[in-house]
1. Straight-line reach from residue 87: which lysines have a Cα under 18 Å away, not including same-chain ones fewer than 8 places off?
2. I'd like the Karplus ³J(HN,Hα) series for region 120-127: coefficients 6.51, -1.76, 1.60, θ = phi - 60°, whole numbers in Hz, and an x wherever there's a Gly or Pro.
3. With bins 10 Å wide starting at 0, give me the P(r) of region 99-190 over every alpha carbon pair, in whole percents.
4. Between residue 166 and residue 120, what FRET efficiency comes out of the Förster formula 1/(1 + (r/R0)^6) with R0 = 22 Å and r the beta carbon distance, rounded to 0.05?
5. Which one, 160, 75, 58, projects farthest toward the positive side of the charge dipole computed for the chain from Cβ point charges (K/R +1, D/E -1)?
6. With angles folded into 0 to 90 degrees, how steeply does helix 36-54 sit against the dominant principal axis of the chain? Use alpha carbons for both and round to 10.
7. Run the dipole for region 75-180 about the Cα centre, Lys and Arg Cβ at +1, Asp and Glu Cβ at -1, nothing else charged, and hand back the magnitude in debye, nearest 20.
8. So which trypsin sites (Lys or Arg not before Pro) in region 75-136 end up in coil per DSSP with only 12 or fewer other C-beta atoms within 10 Å?
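The values are calculated or read from the model by the stated rules, or taken from the named source; none is laboratory data. All of these numbers come straight from a predicted model, not from anything done at the bench. So basically every Cβ, Gly included, is an ideal-geometry build from the backbone, and we count neighbours across all protein chains shown. For the accessible areas, the whole protein counts, side chains as well, though only heavy atoms, and no ligand, DNA or RNA atoms are used. Shrake-Rupley method; radii C 1.70, N 1.55, O 1.52, S 1.80 Å.
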Amino acid sequence: MNHLAHLFLAPDEPVIRIGSVCGDFLKGISIQDMPPAMQIGIRHHLAVDGYTDRHPEVLASKRLFSSERRRFAGIALDVLYDHYLLKNWAHYSAQRSNGFISQRYDELEAFEHLMPPAMLPVARQIRKHDWFGQYRDLDNIGYALDRISRRIRFPNRFDGIITEIKLHHVELEQRFRRFFGELQQAAQDF
């Protein structure tokens, strides 16, 4: 799961939500030194990722990618799932997505002091460039994935993966919809 989905699935408490995003920025960080609510969010993040990585619909979705790109399919799906979450928002929440996003941006700003150093610039970029709002457009997902491909430190075929996403877009979205409702239910117990 990517940042928006983690914020959406986290328990309804701001510091826990910040911890749920922090789960992607733990390198060199002692979790035990963080506030208890952040620790809860980090554990929630890890549980969501574990559930996602094992889910049959996600595994089947990864197999849709070519052998050249399958190694990066999990990364692509993480970002793509934020797009599908926004596209299908009304199936998962009574709150309007714009209001949810605005509130999460406010939280990302208000709790910067709790963020690990590696998370802080990313959180600022998310807000500054309205990443979550941009994820409504599938072409912006391709742009985001291409930026990620340039940060991979070894030669790869990840760039342009949006072409494969578009080729299987209908099936990927159907699989997401079958998976995400189950994840949303399971995440309440993590």
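1. Result set, ordered by chain and number: 166.
2. Working through the residues one at a time gives 4, x, 5, 4, 5, 5, 4, 5 Hz.
3. Final binned percentages: 13, 29, 41, 17, 0.
4. Working: r = 34 Å, r/R0 = 1.53.
Step by step, r from the Cβ atoms, then E = 0.05.
5. Value computed over the given set: 160.
6. 20
7. Details: 16 positive and 14 negative charges, 31 e Å.
Dipole of region 75-180, to the nearest 20 debye: 140 debye.
8. On the way: sites: 87, 96, 104, 124, 127, 128, 136; in loops: 96, 136.
Passing both the DSSP loop test and the Cβ count: 96.
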